[in-house]
Amino acid sequence: MDHVSTIEATKAIVTLDVAHSGIIWGWMITLNMWAKSIGTGVILVGAFLLYRHKHEEMPNLRWLMPLISFIALNVFLFFTLIDLHQPLRMIHIFTHPHWTSSITVGAWMATLFLVLVSIMMFTSFFTRFSDFRKDCAIAKAVRAKDGLYEKIFPFTVFLAFPVTMYTAIIMSQSAARELWVPGAELIQMLLAAFMVGSAALILIAEEWSESVKKELAMILALSVLFSFIMYMGEYFFSFKAAEVEATLAYVHSGGEYFTQFWAAMVLGYIIPFFIAMRMSDNRTMMKFAAVTAFIGLYLAKSTWLEIPQMIPLS
């Protein structure tokens, strides 16, 4: 007697089979990660400087640090939102959160981080205002709550770490993207934050003390050095993993991604490192190094984000 199979899995019908669906995460996601690195990086580097030096050595840091972070974080969140196919559905993350999702956890942390940065920004603005108008009502109210900035600052710094790194977890959860290893990506995200965080502060450090400027140069030099070493390790020693080697073939074989990758390494890592190590007392050259670090990080993020998506998945 013949038995007819009734198992649903044996009735599968292929309705769509494509070798490559194209770049799904493009320039918007690159800009997203780039802006997030700036927004979190200025807080992390600024906190280090405030711990190491007196406020008088960095007269504008208290209000410019949260201002830069606020602008960068809103760029990050804006391009995250418009990249979604259904942006209005993002409200479900807050009304019906699923805490097992990295995206949900990251969205809540980023939102809370932005709220704290916003409070710091407005508090520092009003504090500056009170320095000029000591008798006005706003000035008196600010002086009555003068410790608010200091009270929330530690929580802001604490949140900056997971906010700058959680994207690495989302990338590592993507199937068939072997280049995005969670451990390496977590470190690269953190180094990127210190890299452009120090670069952003270098651009506003004209009136700061020489000791602060030298520490900023050292932070930039060390962050680009370690990040560059990690990129070179993956670039030259990927032959033990066939999938990673196939992914990096888009860089190794020449062409657009080869040019983009090495432009990123030269502009974002090699040039800033040598300038920060050899010409840290030259303000013009340090600002040039900061600008090239911004450009290089964007190109590096773009290359590392796009080439794994070039591998056919079927």
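The values are calculated or read from the model by the stated rules, or taken from the named source; none is laboratory data. This one's a predicted model, so the numbers in the text were calculated from it and none came from an experiment. Positions of Cβ are generated from backbone atoms using ideal geometry, with glycine treated the same way; all protein chains shown enter the neighbour counts.
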Looking at segment 203-223, which of the residues that are polar (S, T, N, Q) and in a helix (DSSP H, G or I) is surrounded by the most Cβ atoms within 10 Å (Cβ to Cβ)? Ser223
List the pairs whose first member sits in segment 106-119 and is within 18 Å of Met33 (Cβ to Cβ) and assigned to a helix (DSSP H, G or I), whose second member is modelled with pLDDT under 90 and of a type in the set (Lys, Arg), and whose Cβ atoms are under 6 Å apart, counting only residues at least 6 apart or on separate chains? none
Would you point out the residue of segment 264-308, among those that are more than 15 Å from Lys213 (Cβ to Cβ) and aromatic (Phe, Trp, Tyr), that is farthest from the chain's Cα centre (by Cα)? Phe274
In segment 265-314, the residues that are outside any helix (DSSP H, G or I) and among the polar types (S, T, N, Q): Ser280, Asn282, Ser314
Residues (buried (at least 16 other Cβ atoms within 10 Å of the Cβ), in contact (Cβ under 8 Å) with a residue 60 or more places away in the chain and in a loop (DSSP other than H, G, I, E, B)) located in segment 173-202: Arg177, Glu178, Leu179, Trp180
As an exercise: evaluate Leu50 against (1) closer than 25 Å to Met189 by Cβ; (2) modelled with pLDDT under 85 and give the number of the one condition it does not meet. (2)
Scan of segment 228-250 for residues that are assigned to a helix (DSSP H, G or I), among the hydroxyl-bearing types (Ser, Thr, Tyr) and without any contact (Cβ under 8 Å) to a residue 60 or more places away in the chain, ordered by number: Tyr235
Of all residues being within 16 Å of the chain's Cα centre (by Cα) and among the aromatic types (Phe, Trp, Tyr) in segment 31-88, which is nearest to Ser198 (Cα to Cα)? Just the residue, please. Trp34
Identify, please: which residue in segment 87-113 is surrounded by 14 or more Cβ atoms within 10 Å (Cβ to Cβ) and aliphatic (A, V, I, L, M) and is, among those, farthest from Met171 (Cα to Cα)? Leu112
